[in-house]
Structures are given as C-alpha cells and as structure tokens.
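Report on the structure given below.
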Amino acid sequence: MDRDWELFLLPYTQTVDELKVKLKGLRSMYKLRKEHGPIEFVTGRVKPVNSILLKSRTRNISLDKLETDMEDLAGIRIMCPFVEDIHDVVKMLKQREDIKVLQEKDYVSHKKESGYRSYHLICEYPVQLIDELKYVLVEVQIRTLAMNFWASIEHSLNYKYQGEFPDEINIRLQKAAESAFRLDEEMSTIREEIKEAQRNFRFKDEQEAFDLNNWKE
C-alpha cells in the first residue's frame, strides 16, 4: 500500500505533543498549589513505521484499518510516585472533557503472567487539523517508577529472545516483578511521611529563594 507515512502519522504526533504539554501542565499546577502531585513525569511516542508494519502482519491488521484497529499508534506513558497515585490519575483522565476513555485494563490489580503491572487506557482524543476535527486513538499507560523499570528491562530482553524467554529468565523476571511490587507496597506504607518530606523541601527552597532575593535588595 502506497502511503505518505509522515502525513498519515501527523495527527498522532500532534496528539502526543499536546497531551504531553497538558499533563506536564497538571504536574506544574500541583507543584504551584503545594500539593502532592500524582504525576512524576510523562513520556510519549508515535509508533515507528517498521513497528506498525510488523504488528499489522503479526496481528493480521489491514493497513487501511490502522486508524480503528491499531490502538497504540500514539502512546503516552505516565509515571507515578505511588501505586495509589495510579488510580488518582485514571480518575483524573476520566473527568477530562478533551479525553474519552473507551477501554481500560487494570494490570496493576491483575498482573500479567509474566509479572507485568501497569494500567492501560485506550482513549479518543480530538485533534484540530487544517480542515477537520479528527478523533485519534491513543494508548495511555500509567505505572509507578518501579513498574516502569521492570517493564523497560523486560522489553529489552524481549528483543533479544523475540518473546520466547528461556524458563530461567522467565522465573527471574517474575521474581524481579514481585520484588518491584513489594518495593511499591513498602513505599506506600510511608507515603505520608514522604509527602511531608517533599513539602518540607519545597518550603526550604522557597525560604532560601526569599532570603536570597531580600539579600540582593
């Protein structure tokens, strides 16, 4: 199929760019209001053409149905400090007027057999083009830093083994996933203490800035 891929993927690039700005803006808003923010940082990507073609073959997706049948052409990943923050972010996204949640998969409470944990949303997002308003599908993954570390390692190994992990690697990955989740659980037990420490650090930084400005005057 002859296709101008750059033009075809442009709405998805715009979707990723806009959502990253909006979500980072929310993070800044929490900081300015001196409240605990459930968003640690945000990343995004548009699926590369070679990955699109590979997935279309392996999943038997026709190229003329990519817009409706391939839900992760645009992808946003939101990292949270605590497990509890994941559900706060999900609730926040569902309340937004510019995002419509179509599907959700809770791999946090119901992990995959591999040990993978994350919360996935398939959303519809409106993109204003030159002559039309286009509704684009975007996959949003929400996870903790520990979950993201494990998933990044598993993803790298997947390239090496093409998804066919040796039994020993599978067992070690599952053990590592449980260790990562135990870390998240342990951090949750001292969540309030960590939040208090963060507030104290912000207060100290603001006080030092105030003192420095007064000294300059």
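The values are calculated or read from the model by the stated rules, or taken from the named source; none is laboratory data. What you see is a predicted model; the values in this text were computed from it and never measured. We place every Cβ from the backbone using ideal geometry, glycine too, and count neighbours over all the protein chains shown. Heads up: the accessible areas ignore ligands, DNA and RNA and are worked out on the full protein's heavy atoms, side chains in. Shrake-Rupley method; radii C 1.70, N 1.55, O 1.52, S 1.80 Å.
Go through region 12-42 and give me each residue that's assigned to a helix (DSSP H, G or I), open to solvent by 30 Å² or more (accessible area, probe 1.4 Å) and among the aromatic types (Phe, Trp, Tyr). Matches in region 12-42: 30 only.
The residues in region 90-107 that are in contact with a helix residue (DSSP H, G or I) (Cβ under 7 Å, 6 or more places away or on another chain) and either modelled with pLDDT under 95 or closer than 14 Å to residue 77 by Cβ (or both) can be counted, and the count is 0. Could you list, in sequence order, the residues of region 90-112 that are outside any loop (DSSP other than H, G, I, E, B) and of a type in the set (Lys, Arg)? Passing the criteria: 91, 94, 100, 105. The single condition among (1) within 17 Å of residue 185 (Cβ to Cβ); (2) touching a residue at least 40 places away in the same chain (Cβ under 8 Å) that residue 154 does not satisfy is (1). Within region 135-172, if we keep just the residues that are over 21 Å from the mean Cα position of the chain (by Cα) and among the hydrophobic types (A, V, I, L, M, F, W, C), the residue that is modelled with the highest pLDDT turns out to be 171.
Of the residues making up region 95-104, those that are open to solvent by 100 Å² or more (accessible area, probe 1.4 Å) and free of Cβ contacts under 8 Å to residues at least 24 places away in the same chain are 95, 97. Quick check, is residue 9 open to solvent by less than 80 Å² (accessible area, probe 1.4 Å) and out of contact with any Gly (no Cβ under 7 Å at 6 or more places or on another chain)? It is true that residue 9 is open to solvent by less than 80 Å² (accessible area, probe 1.4 Å) and out of contact with any Gly (no Cβ under 7 Å at 6 or more places or on another chain). When 120, 87 are screened for being part of a helix (DSSP H, G or I), farther than 17 Å from residue 180 by Cβ, in contact with a strand residue (DSSP E or B) (Cβ under 9 Å, 6 or more places away or on another chain) and not small (Gly, Ala, Ser), only 87 passes. Taking the stated definitions as given, is residue 46 open to solvent by 30 Å² or more (accessible area, probe 1.4 Å) and either of a type in the set (Val, Ile, Thr) or over 30 Å from residue 66 (Cα atoms) (or both)? When the stated conditions are applied, residue 46 passes them. Can you say whether residue 134 is open to solvent by 20 Å² or more (accessible area, probe 1.4 Å), in a strand (DSSP E or B) and either in contact with a Lys or Arg (Cβ under 6 Å, 6 or more places away or on another chain) or among the charged types (D, E, K, R) (or both), as far as the supplied structure shows? Yes; evaluated as a whole, the condition is true for this residue.
A search for C-beta distances below 6 Å between a residue of region 24-43 that is within 20 Å of residue 76 (Cβ to Cβ) and free of Cβ contacts under 8 Å to residues at least 24 places away in the same chain and any residue that is among the aliphatic types (A, V, I, L, M) and in a loop (DSSP other than H, G, I, E, B), counting only pairs 6+ apart in sequence or on different chains, returns 27/39.
Being part of a helix (DSSP H, G or I) and closer than 18 Å to residue 147 by Cβ is a property that residue 67 lacks. Candidates 77, 45: the one that is among the basic types (Lys, Arg), in a strand (DSSP E or B), at pLDDT 95 or above and over 30 Å from residue 194 (Cα atoms) is 45.
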